[in-house]
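Student: Let me give you the structure first, and then I'll get to my questions.
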Amino acid sequence: MTESHAIESHQHETRRFPPPSDFASRANVTPELAAQLYAEAEADVEAFWAKQAATLDWMTPWTQVLDWNPPHAKWFVGGKLNIAANCLDRHLTTWRRTKAAIIWEGEPGDTRTLTYWELHREVCRFANVLKKFGIRAGDRVAIYMPMTPEIAIALLACARIGATHSVVFGGFSAEALRDRINDAGCKLVVTADGAWRRGTEVRLKPAVDAALEQAPTVQTCIVLRRTGAKVDMQPGRDHWWHEMLETVSDDCPPEALDAEHPLFILYTSGTTGKPKGILHTTGGYLTQVAATAKWVLDLKDDDVYWCTADVGWVTGHSYVVYGPLANGATVMMYEGAPNHPEPDRFWRIVDRHGVTMLYTAPTAIRAFIRWGEQWVLKHRLDSLRLLGTVGEPINPEAWMWYRQVVGKGRCPIVDTWWQTETGGMMIAPLPGATTTMPGTATRPLPGIGVEIRTKDGQPVGANEGGYLVLTRPWPAMLRTIWGDDDRYRRQYWSEIEGVYFAGDGARRDEQGNYWIMGRVDDVINVSGHRLGTAEIESALVSHEAVAEAAVVGRPDELKGSAIVAFVTLESGRSGDDALRAALREHVAREIGALAKPDDIRFTDALPKTRSGKIMRRLLREIAASGNVVGDVTTLEDFSVLEKLRADEA
Ligand code: WT7
């Protein structure tokens with residue numbers, strides 16, 4: 001079923017790690033509280049979520065917890081609140097006003113710390129800048145920025161006035177940025193001159209300039225000075241961040257926003273060429289990300305918590321910015337690469353700032369393993385008390401290495417399964433209560449309904465593989481796909497009758513642990529970044545030399561999946577290394593460097609069924625092993641297969 005993710009079978013995993021007793025007794029969720037949370041959620045799931053929502057500051061109370069009109073949910077109907085006020089203002093009336101909200105380190109080694117008081121002030125000022133340019137509640141603002149405190153400030157300033165932000169990861173190209181700006185109809189773009197990455201400058205503003213040539217809805221562009229590179233500023237449209245801040249007031253009352261007010265759009269890859277604008281709203285989203293950050297990340301007032309994700313991805317939205325700040329935590333932020341100037345940069349940061357929690361991706365862990373444990377062992381790391389992973393299945397050996405080499409066998413590991421669409425964590429251990437095993441995200445969190453089903457919607461038995469589905473609405477669920485509610489219904493709620501189809505294969509063991517096996521659709525996970533094969537195919541086909549393209553994932557030790565493209569050429573073109581390089585560059589230009597194929601194979605024809613569908617399963621097998629063992633009886637022309645095999649040899 002999940003051919004593309006042939007990670008080793010975990011059926012025989014027996015290593016178990018119960019929470020250390022000192023951790024358990026001090027955890028936000030002790031074993032006793034865990035039992036109580038599960039029982040409460042079981043008894044009355046709406047009352048359970050209402051209790052979590054009640055820990056936030058509301059300006060107007062809700063009148064109804066859930067209005068479920070499948071597949072559309074409204075949570076906390078009639079309630080009003082402001083997310084920035086929940087992440088900032090409410091801490092200012094406590095001792096936390098002088099607590100570090102953000103500790104930031106730039107790649108060159110420069111650092112900055114902002115207290116809650118200072119962060120609040122900066123957010124209010126930037127919100128006033130947005131207002132000055134006519135941005136009001138409901139307007140869309142694109143954010144294309146480096147990992148500096150200002151990206152968090154930009155998000156929170158939007159949230160404060162009710163502008164819907166759409167963050168585009170800085171690694172995406174001008175074309176990808178343009179398409180996202182246009183799809184959301186953004187009025188304003190926040191960017192920077194550039195960012196530091198592995199000692200060189202990633203230029204952001206020139207990409208924005210190119211995007212804005214074909215983005216008629218954008219009236220204003222605000223530019224943060226980060227690298228000091230020379231940039232073109234278009235008079236009337238472009239303004240420097242620091243200049244704009246000089247003249248605004250630091251008083252900006254938070255807007256009272258409906259619980260269902262659109263907080264953000266975040267684009268993610270699906271099974272067609274066009275990325276989906278996942279829409280998240282206000283009250284339910286904050287309820288779930290704040291609660292899960294507290295339960296799973298065990299955030300306490302004396303922690304320095306570091307999630308290494310870029311704010312350009314959902315992990316950065318939910319667990320760098322909103323969840324931790326709603327809990328009044330101290331958040332570590334780092335701008336650059338993990339191996340700059342040397343492969344011990346992360347461990348230097350942990351010791352330098354006393355980081356207590358590290359939440360990162362399996363692909364990063366696999367890179368650290370490859371670089372060698374000596375880089376880790378050079379540093380004390382005795383401040384660490386909890387480790388986390390997210391984004392892809394973690395192979396048990398990487399999990400064990402993380403536990404032993406980084407965590408010294410002392411820190412619990414939380415493997416957290418969720419998606420851009422789920423907004424917050426769904427399956428994860430409660431580190432003070434759940435016994436973990438390498439390779440499983442363990443159990444659904446309290447209030448979350450998960451099952452494994454067949455394609456026909458039938459339940460499956462223990463250890464039988466199937467499709468991961470969500471059986472009831474959850475507060476942080478996506479509300480729709482921006483501008484395409486039909487696709488929302490089809491994509492998520494029609495594949496399997498009556499439930500949410502996550503797109504992952506999984507099995508549940510006898511103890512109720514979920515073992516995620518990877519995507520079952522045409523989405524591939526490359527270094528924890530989600531890409532649609534169709535997106536890469538349409539980028540390839542837009543090159544004049546290419547007639548047809550089929551893209552598949554191939555299991556890769558480091559990246560999870562590598563991108564393999566099978567390409568047929570227009571007549572008269574010949575496939576050589578120069579064309580390979582040109583096609584890779586072309587994909588980088590169309591989407592971003594993260595989508596460059598690792599391997600391009602020129603072929604005379606692609607294997608198709610009699611009805612003309614490309615048989616990707618065959619291509620996956622050929623990419624992975626050079627051979628085909630599965631059923632090929634529907635293949636239209638067997639000689640194509642022989643040819644592909646021969647090319648491989
Ligand atoms: C896909 C979602 C969740 C934020 C980052 C990725 C895979 C995510 C895990 C995990 C196994 C995982 C799934 C999922 N995934 N977490 N702990 N174990 N697989 O968000 O880009 O929306 O990707 O990432 O395949 O569907 P995303």
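Student: What are the pairs with Cβ atoms under 7 angstrom where one residue, in the stretch 125-143, is modelled with pLDDT of 95 or more and the other, located anywhere, is open to solvent by 10 Å² or more (accessible area, probe 1.4 Å) and acidic (Asp, Glu)? Sequence gap at least six, or different chains.
Tutor: Matching pairs, first to second residue: Arg125/Asp250; Ala137/Glu255.
Student: Which residues, counting only those in the stretch 451-482, are part of a strand (DSSP E or B) and surrounded by fewer than 14 Cβ atoms within 10 Å (Cβ to Cβ)?
Tutor: Listed by number, the list holds a single entry, Pro459.
Student: Tell me which residues, restricted to the stretch 114-135, are under 22 Å from Gly228 (Cβ atoms) and not in a helix (DSSP H, G or I).
Tutor: Leu114
Yes/no per residue for (1) open to solvent by 50 Å² or more (accessible area, probe 1.4 Å); (2) under 16 Å from Asn463 (Cβ atoms):
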| position | (1), (2) |
| --- | --- |
| Asp484 | yes, no |
| Arg487 | no, no |
| Arg490 | yes, no |
| Gly498 | yes, no |
| Gly503 | no, no |
| Arg507 | no, yes |
| Gln511 | yes, yes |
| Ile516 | no, yes |
| Val520 | no, no |
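Student: Inside the stretch 559-580, can you point out the residues that are open to solvent by less than 50 Å² (accessible area, probe 1.4 Å) and either touching a residue at least 40 places away in the same chain (Cβ under 8 Å) or at positive phi (or both)?
Tutor: Gly560, Ser561, Val564, Phe566
Student: Is there a residue in the stretch 248-270 that is at pLDDT below 95 and β-branched (Val, Ile, Thr)?
Tutor: no
Student: Are any of the residues in the stretch 399-412 open to solvent by less than 10 Å² (accessible area, probe 1.4 Å), among the polar types (S, T, N, Q) and out of contact with any Leu (no Cβ under 8 Å at 6 or more places or on another chain)?
Tutor: Scanning the stretch 399-412 turns up no residue that is open to solvent by less than 10 Å² (accessible area, probe 1.4 Å), among the polar types (S, T, N, Q) and out of contact with any Leu (no Cβ under 8 Å at 6 or more places or on another chain).
Student: Between a residue in the stretch 30-53 that is more than 17 Å from Asp298 (Cβ to Cβ) and acidic (Asp, Glu) and any residue that is open to solvent by less than 50 Å² (accessible area, probe 1.4 Å) and at pLDDT 95 or above, which pairs come within a Cβ distance under 7 Å, given they are 6 or more apart or on different chains?
Tutor: Here the result reads Glu40/Phe48; Glu46/Val65; Glu46/Leu66, each pair linking the stretch 30-53 to a residue that is open to solvent by less than 50 Å² (accessible area, probe 1.4 Å) and at pLDDT 95 or above.
Student: Right, here's the next one. Among the residues of the stretch 14-45, which ones are out of contact with any helix residue (DSSP H, G or I) (no Cβ under 9 Å at 6 or more places or on another chain), surrounded by 13 or more Cβ atoms within 10 Å (Cβ to Cβ) and among the hydroxyl-bearing types (Ser, Thr, Tyr)?
Tutor: Tyr38
Student: Still on this structure: Answer yes if at least one residue in the stretch 517-524 is over 16 Å from the mean Cα position of the chain (by Cα), within 11 Å of the ligand (Cβ to nearest atom) and in a strand (DSSP E or B), and no otherwise.
Tutor: Yes, the stretch 517-524 contains a residue that is over 16 Å from the mean Cα position of the chain (by Cα), within 11 Å of the ligand (Cβ to nearest atom) and in a strand (DSSP E or B).
Student: Mind listing just one residue for me: the one in the stretch 175-211 that is surrounded by fewer than 20 Cβ atoms within 10 Å (Cβ to Cβ) and among the aliphatic types (A, V, I, L, M) and, of those, farthest from Gly138 (Cα to Cα)?
Tutor: Only one residue fits best here, namely Val202.
Student: Restrict the check to the stretch 226-238 and report whether at least one residue is surrounded by 12 or more Cβ atoms within 10 Å (Cβ to Cβ), of a type outside the set (Gly, Ala, Ser) and assigned to a strand (DSSP E or B).
Tutor: yes
Student: For the list (1) of a type in the set (Phe, Trp, Tyr); (2) surrounded by 19 or more Cβ atoms within 10 Å (Cβ to Cβ); (3) without any contact (Cβ under 8 Å) to a residue 60 or more places away in the chain, I need the number of the one condition that Tyr322 fails.
Tutor: Failing condition for Tyr322: (3).
Student: Further question on the same structure: Name the single residue, out of those in the stretch 525-554 being in a strand (DSSP E or B) and open to solvent by 20 Å² or more (accessible area, probe 1.4 Å), that is nearest to the ligand (Cβ to nearest atom).
Tutor: Applying the filter and picking the extreme gives Arg530.
Student: If you don't mind, there's one more thing I want to ask. Any chance the stretch 149-167 includes a residue that's in contact with a Phe, Trp or Tyr (Cβ under 8 Å, 6 or more places away or on another chain), at negative phi, assigned to a loop (DSSP other than H, G, I, E, B) and modelled with pLDDT of 95 or more?
Tutor: no
Student: Kindly establish whether Gly284 is small (Gly, Ala, Ser) and surrounded by fewer than 24 Cβ atoms within 10 Å (Cβ to Cβ).
Tutor: It is false that Gly284 is small (Gly, Ala, Ser) and surrounded by fewer than 24 Cβ atoms within 10 Å (Cβ to Cβ).
Student: So how many residues does the stretch 410-426 have that are within 7 Å of the ligand (Cβ to nearest atom) and in a loop (DSSP other than H, G, I, E, B)?
Tutor: Summing the residues that are within 7 Å of the ligand (Cβ to nearest atom) and in a loop (DSSP other than H, G, I, E, B) in the stretch 410-426 gives 4.
Student: Quick one: count up the residues across the stretch 435-452 that are touching a Pro at 6+ places or on another chain (Cβ under 7 Å) and over 22 Å from Gly284 (Cβ atoms).
Tutor: 5
Student: Same structure again: Which residues, counting only those in the stretch 503-516, are part of a strand (DSSP E or B) and either within 7 Å of the ligand (Cβ to nearest atom) or touching a Lys or Arg at 6+ places or on another chain (Cβ under 7 Å) (or both)?
Tutor: Within the stretch 503-516, Gly503, Asp504, Tyr514, Trp515, Ile516 qualify.
Student: Here's something else I'd like to know. Pull up the stretch 414-450, narrow it to residues that are more than 13 Å from Val390 (Cβ to Cβ) and of a type in the set (S, T, N, Q), then point me to the one that is most open to solvent (accessible area, probe 1.4 Å).
Tutor: Here the residue is Thr435.
Student: Considering (1) more than 18 Å from Val208 (Cα to Cα); (2) of a type in the set (Asp, Glu); (3) touching an Asp or Glu at 6+ places or on another chain (Cβ under 9 Å), say which one Asp139 fails and leave the rest.
Tutor: For Asp139, the exception is condition (3).
Student: What's the number of the condition Gln491 fails, among (1) within 11 Å of the ligand (Cβ to nearest atom); (2) under 30 Å from Ala73 (Cβ atoms); (3) out of contact with any helix residue (DSSP H, G or I) (no Cβ under 7 Å at 6 or more places or on another chain); (4) not hydrophobic (A, V, I, L, M, F, W, C)?
Tutor: Checking Gln491 against (1) within 11 Å of the ligand (Cβ to nearest atom); (2) under 30 Å from Ala73 (Cβ atoms); (3) out of contact with any helix residue (DSSP H, G or I) (no Cβ under 7 Å at 6 or more places or on another chain); (4) not hydrophobic (A, V, I, L, M, F, W, C), the one that fails is (1).
Student: Tell me, which helices (runs of 4 or more DSSP H) wholly within the stretch 292-400 include 2 or more residues that are within 16 Å of the ligand (Cβ to nearest atom) and either at pLDDT 95 or above or under 19 Å from Ala428 (Cα atoms) (or both)?
Tutor: So the answer is 323-326, 362-371.
Student: Would the stretch 361-378 turn up any residue that is open to solvent by 10 Å² or more (accessible area, probe 1.4 Å) and within 27 Å of Gly284 (Cα to Cα)?
Tutor: For the stretch 361-378, residues open to solvent by 10 Å² or more (accessible area, probe 1.4 Å) and within 27 Å of Gly284 (Cα to Cα): present.
The values are calculated or read from the model by the stated rules, or taken from the named source; none is laboratory data. The structure presented is a predicted model; accordingly, all values stated were derived computationally and were not measured. FYI the Cβ positions are ideal-geometry reconstructions off the backbone, even for glycines, and counts take in every protein chain you see. Surface accessibility is based on the protein's heavy atoms, side chains included, excluding ligands, DNA and RNA. Shrake-Rupley method; radii C 1.70, N 1.55, O 1.52, S 1.80 Å.
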